[in-house]
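Structure record follows, encoded as structure tokens.
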Amino acid sequence: MVKEFNKYSKENNLNITLNLILLTQENSTIICNDYESTLETLFKKGSYKYDLIVYDVVYSQKFGPYFLDLKKYLPQNHIDLYNSNLLSFIGTYKNKIVGLPVLLDYTFLYSNKNLLNKYEKKIPTTWNELLETAIYIKDKEKQLHNRDIIGYNGLFDNTELGSLSIFEFIYSFRENVNSTFPEYKSQNAINALEMIKKIKNEISSDYIFSSDIYISILNLIEEKFLFCKLSSNDFNLNYTRSLLPGHKEGVSGTSVGGYNIGINKYSAPEKRDSVIETYKFLTSKKIQKELLIKYRIGSGIMSLYEDEEVCKNVDCEIFKKIQPIGRPNLISYDYDSYSELLRKYVYEFLYGNSSSYDVLKKIDDILKIYNISIYGDNTTLAYIFYFIFSFFIVLMLSSLIMLYFMKFESYFSFLSTDFWFLVIIGIICILCQGILENGPRTILKCELSISFLVIGSTLILIPILHKLIVNFPEENKFSIWIANHKFIFIIFFIGIDIIHLIILSSLYTIKQITPKEMENFEICTLESKTLSYLDIISITVIKSIVLIIILVLIYSEWNLKRTLYDLRFVVLAIYTDILFLIMLFFMKTINNTNYISHYIKNSIFYLLFSLLNYSILYFSRIVMILLKKDNDESLFIKNINKQFINNESSIMKTMEISITQNQSTTTKIL
């Protein structure tokens, strides 16, 4: 390719020279263990040393941020040469095309022609056919004292080839050709694993299945395999190449390997046009055709399999029928770690005693993000808390009606009606943080959560601060101005909160927590930047100053009769808030190990914080009204009883006087 381009460049006076650099320990100053880590180091350093990068197709997601979006630099008809479905899982990153394949590698089934012809068996197209054919031929060969026949190699070793075997086998158990990759916990995936183990136990062995590719090639050369899975190289042996079988007739699956070429986004801008011209040549249909004919490798330009010259050298029909499966596009998880865990868990079933469902759940848990939601996991728990939060929000809002009864006006005289509304809304804001714990974590939810906490606390504290300033025993201009401009006073503090929240809005990120039991969940976290720390410290300092001022004013007004009980309720609420804020700080520092306990802990915290503030500041007054009403009724009954007793005593005294007088009259007559 390099020689071809330099020749092309010279003939067309492009004045471009292409040099191929092979990175090794000898010619690289970077100490690394493999090519991938070398590339990662170069990209993170922003190196512009290399303009074009050849990389494994599996790393399009990992290295995608460091490559140019080809859609912006290549003609659309050039990109359209390549199969769009293929590019979707080997060359894209966040809807950007970052690489085009220079060579592709597929896996195929190689069937022993001699043995199949001997027993008049056809090449299998389903796994059941492969199993039945292999059992039949192995039994027949044993009768002829040939015990060397191996039914199938599997290629489930402890390398990336093992992961590819797992992907393509599960993919071959989808319902039809157009179906997507089966869910790991689906019955299709369970059936796939059960079939793998069945094939291993009945026509192969642990040793053969777990052996590397070189053992497979050796046995293939010695013609010991009845069926063998290998890459698309043509071994020119007594084996017929075909598509890998599937669960159903017409359904197959083959993994895709190979290399893409991408354009380093750090390459010098002044060389950009030359780099693009070189790239177009290397990925052109002409070069792909030459590679296809010469090396018989796979190509992403499917129209080449309609070319007569190509088809004279390559089995075009089999390539046109390929049903490729790419490796997962992982953005938030390192693929190599994922691949290693995938093999570890599957092999616990394949070579161990774990159940297929258990290992598939473990695989699903590698990438699955758990959360409590009324539409997802643990719906019962989600509904319980959702009902509790909704009930108390409705209760708090409906209790505001008490402010409109004239006979209860004296119980709520500490704050004006509009300020009581603000306090209750502030408490509800704190409560709403618990509702945000439901469902998947998003940046918006992170921003809303801190907004509810910051603004909610302001709506609770500032009306109280306003009242204490206005009630200050010594009248002054400041307290008079505050009394006449209460909403400006409130808006001032809310404005400060909004400024802080705008700064924080760009600093939130979602952090994935991976416990030992592999039930991943996400939490909100701030990026470790000086700005985020300064902003949080600023918010904390301002809230602390407000609390201190409130406590100082309460001390100076402690014995005022008109607010005697009100101030004691406020002090209790403030001390409760301080205690809960300390608890919140420690909660944030404790490592989270389980998504359920994390949800319950946060939900209960916000619930108790809100209810205690509501009970102390507002609901206590409703209780006083109810108790006062009962006392009034008791006093009324006592007064009636007292009057009744007094009246009865008066009547008795009158009767006594009358009797005495009668007795006196009688004495006189006598």
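The values are calculated or read from the model by the stated rules, or taken from the named source; none is laboratory data. All values reported here derive from a predicted model rather than from experimental measurement. Using ideal geometry, Cβ is built from the backbone for each residue, glycine included, and neighbour counts are taken over all protein chains shown.
Here is a list: Asn158, Asn117. Which entry is over 18 Å from Leu243 (Cα atoms), of a type outside the set (Val, Ile, Thr) and under 45 Å from the mean Cα position of the chain (by Cα)?
Asn158
Return the only residue of Leu230, Leu244, Leu220 being farther than 29 Å from Ile363 by Cβ, in contact (Cβ under 8 Å) with a residue 24 or more places away in the chain and crowded, with 17+ Cβ neighbours inside 10 Å.
On inspection, the qualifying residue turns out to be Leu220.
Which pairs do you get when a residue that is modelled with pLDDT under 85, found in segment 539-567, comes within reach of a residue that is surrounded by 12 or more Cβ atoms within 10 Å (Cβ to Cβ) and among the acidic types (Asp, Glu), reach meaning Cβ atoms under 7 angstrom, with the pair 6+ apart or on two chains?
Within 7 Å, the pairs are Thr563/Glu557.
With a cut-off of at least 3 residues that are crowded, with 20+ Cβ neighbours inside 10 Å, name the helices (runs of 4 or more DSSP H) lying wholly within segment 66-168.
Output list reads 84-90, 127-143.
Could you tell me whether any residue of segment 301-315 is among the polar types (S, T, N, Q) and within 27 Å of Tyr184 (Cβ to Cβ)?
Looking for residues that are among the polar types (S, T, N, Q) and within 27 Å of Tyr184 (Cβ to Cβ), one finds none in segment 301-315, hence no.
For segment 129-148, which residues satisfy the criterion of being at pLDDT below 95 and of a type in the set (A, V, I, L, M)?
Correct list: Leu144 only.
Does at least one position in segment 433-445 carry a residue that is under 23 Å from Phe609 (Cα atoms), at pLDDT below 90 and surrounded by fewer than 17 Cβ atoms within 10 Å (Cβ to Cβ)?
yes
Strands (runs of 3 or more DSSP E) wholly in segment 216-311 with at least 2 residues that are of a type in the set (Gly, Ala, Ser) and closer than 16 Å to Val54 by Cβ - which ones?
Output list reads 254-263.
Kindly indicate which of Ser267, Ser252 is assigned by TED's automatic domain parsing to the domain that holds Asn313, within 39 Å of the chain's Cα centre (by Cα), polar (S, T, N, Q) and modelled with pLDDT of 90 or more.
One residue alone meets the criteria, Ser267.
Need the failing condition index for Thr126 against (1) at pLDDT below 95; (2) within 39 Å of the chain's Cα centre (by Cα), just the number.
With respect to (1) at pLDDT below 95; (2) within 39 Å of the chain's Cα centre (by Cα), Thr126 is out only on (1).
Yes or no: Ile499 β-branched (Val, Ile, Thr) and in contact (Cβ under 8 Å) with a residue 40 or more places away in the chain?
no
Enumerate the helices (runs of 4 or more DSSP H) found wholly within segment 312-398, keeping only those where 2 or more residues are in contact (Cβ under 8 Å) with a residue 12 or more places away in the chain and under 22 Å from the mean Cα position of the chain (by Cα).
Because the criterion is at least 2 residues that are in contact (Cβ under 8 Å) with a residue 12 or more places away in the chain and under 22 Å from the mean Cα position of the chain (by Cα), the helices (runs of 4 or more DSSP H) in segment 312-398 that meet it are 335-350, 356-367, 379-398.
Can you tell me which of (1) buried (at least 18 other Cβ atoms within 10 Å of the Cβ); (2) closer than 23 Å to Asn112 by Cα is the one Asn201 doesn't meet?
Of everything listed in (1) buried (at least 18 other Cβ atoms within 10 Å of the Cβ); (2) closer than 23 Å to Asn112 by Cα, Asn201 misses just condition (1).
Given the condition crowded, with 17+ Cβ neighbours inside 10 Å and more than 28 Å from Gln61 (Cα to Cα), answer yes or no: does some residue in segment 314-326 qualify?
Yes: segment 314-326 contains one or more residues that are crowded, with 17+ Cβ neighbours inside 10 Å and more than 28 Å from Gln61 (Cα to Cα).
Restricting segment 129-145 to residues that are of a type in the set (A, V, I, L, M) and over 11 Å from Ile199 (Cβ atoms), which is nearest to the chain's Cα centre (by Cα)?
Ile137
Would you confirm, using the coordinates I've provided, whether Glu519 is under 24 Å from Asn438 (Cβ atoms), in contact with a helix residue (DSSP H, G or I) (Cβ under 7 Å, 6 or more places away or on another chain) and acidic (Asp, Glu)?
yes
Hey, does segment 96-115 have a residue that's free of Cβ contacts under 8 Å to residues at least 40 places away in the same chain, more than 20 Å from Ile301 (Cβ to Cβ) and of a type in the set (Phe, Trp, Tyr)?
No, because not a single residue in segment 96-115 is free of Cβ contacts under 8 Å to residues at least 40 places away in the same chain, more than 20 Å from Ile301 (Cβ to Cβ) and of a type in the set (Phe, Trp, Tyr).
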